[in-house]
Amino acid sequence: MVTMKIHCRGVLFDLDGVLVDSTPAVARVWTIWAKKHGFIPEEVVRQAHGRPSMTTIRELLPNADHDAENREVERGEIEDVEGVVPLPGALEILQALPQDRWAIATSCTRRLAEVRIRAASLPMPKHLITSNDVQRGKPDPEPYIKAAKTLGFDAADCIVAEDAPAGIRAGKAAGCRVLALRTTAPDADLTQSGADWIVNDLASLRLGSSAGHDQLELILADQKLAGHV
């Protein structure tokens with residue numbers, strides 16, 4: 001077992017694939033949408049992961065009524081919460097961290113994010129950045145820069161927990177160190193996107209003793225820990 005201590009001021013979590021397993025629901029909704037428009041479902045699902053739904057819709061249907069299409073996808077995702085559950089370690093780390101030291105930055109709309117957080121029985125965050133709060137979604141750094149600001153910290157003082165290459169790139173571009181989870185993408189994609197550490201899931205992360213100087217101490221433990229400080 002390899003363990004490592006990380007010091008930071010705040011932790012910024014992605015939602016889907018990090019705190020919540022919504023993969024089956026996401027796949028079902030985007031598969032229906034893809035078939036309706038004559039696309040290959042597997043490719044659409046992969047393209048949509050970790051990014052605002054509007055981004056995917058604009059890329060695939062440049063001449064469509066984007067707002068109408070986005071409402072259709074959002075409605076489907078809000079109605080389909082079957083199998084939406086917390087991922088390993090998510091509840092434990094959120095309960096351990098002080099509320100003013102963590103935030104969620106997700107590509108979901110606020111309404112959808114709140115639905116999934118409740119479906120997974122996770123604590124509602126005091127600080128939540130959604131696609132409604134930014135002009136540019138992941139892989140742009142804006143979501144994580146704003147999330148850090150809601151905590152009152154510089155992004156460079158925060159750790160990002162992500163599962164998607166687009167989110168990892170967003171975190172790195174914001175100036176954060178990024179903990180990548182193997183819940184969605186292969187290690188090669190996580191490493192190529194710039195992840196600093198790679199672990200299986202949040203069960204590998206726990207809060208250590210106080211590091212002093214307004215710092216959190218996080219303990220990473222994983223048999224296949226990869227990355228660097």
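The values are calculated or read from the model by the stated rules, or taken from the named source; none is laboratory data. The structure presented is a predicted model; accordingly, all values stated were derived computationally and were not measured. Heads up, the Cβs are rebuilt from the backbone with ideal geometry, glycines too, and the neighbour counts pull from every protein chain shown. Heavy atoms of the whole protein, side chains included, go into the accessibility calculation; ligands, DNA and RNA do not. Shrake-Rupley method; radii C 1.70, N 1.55, O 1.52, S 1.80 Å.
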Q: Please find, among ILE159, ILE129, the residue that is open to solvent by less than 40 Å² (accessible area, probe 1.4 Å) and within 17 Å of PRO52 (Cβ to Cβ).
A: ILE129
Q) If ARG28 satisfies every condition in (1) in a helix (DSSP H, G or I); (2) at pLDDT below 90; (3) open to solvent by 60 Å² or more (accessible area, probe 1.4 Å) but one, which is the exception? A) (2)
Q: Return the total of residues in region 113-136 being under 12 Å from SER22 (Cβ atoms) and of a type in the set (D, E, K, R).
A: 1
Q. Would you pick out the residues in region 1-54 that are farther than 21 Å from ILE168 by Cβ and acidic (Asp, Glu)?
A. GLU42
Q: Quickly run through region 2-25 and pick out the residues that are open to solvent by 10 Å² or more (accessible area, probe 1.4 Å) and polar (S, T, N, Q).
A: THR3, THR23
Q) What about GLU43, is it free of Cβ contacts under 8 Å to residues at least 24 places away in the same chain and within 30 Å of ASP196 (Cα to Cα)? A) yes
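Give me a count of the residues in region 174-187 that are of a type outside the set (D, E, K, R), at pLDDT 95 or above and on the phi < 0 side of the Ramachandran plot. First the steps, then the outcome.
If we filter region 174-187 for residues that are of a type outside the set (D, E, K, R), which is where we start, we get 174-176, 178-181, 183-186.
With at pLDDT 95 or above added as a condition, the list becomes 174-176, 178-181.
Now drop any that are not on the phi < 0 side of the Ramachandran plot, which leaves 174, 176, 178-181.
The qualifying residues number 6.
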Q: Could you figure out which of (1) under 16 Å from the mean Cα position of the chain (by Cα); (2) of a type in the set (A, V, I, L, M, F, W, C); (3) open to solvent by 30 Å² or more (accessible area, probe 1.4 Å); (4) under 21 Å from HIS49 (Cα atoms) isn't true of ILE117?
A: (3)
**Q.** Residues of region 47-81 that turn out to be open to solvent by 70 Å² or more (accessible area, probe 1.4 Å) and either within 17 Å of VAL20 (Cα to Cα) or aliphatic (A, V, I, L, M) (or both), as a count
**A.** 1
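State which residue is surrounded by the most Cβ atoms within 10 Å (Cβ to Cβ) when the search covers only region 82-114 and only residues that are small (Gly, Ala, Ser) and at pLDDT 95 or above.
Here the residue is ALA105.
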(Q) What's the number of the only condition in (1) within 20 Å of THR55 (Cα to Cα); (2) part of a strand (DSSP E or B) that ALA103 fails to meet? (A) (1)
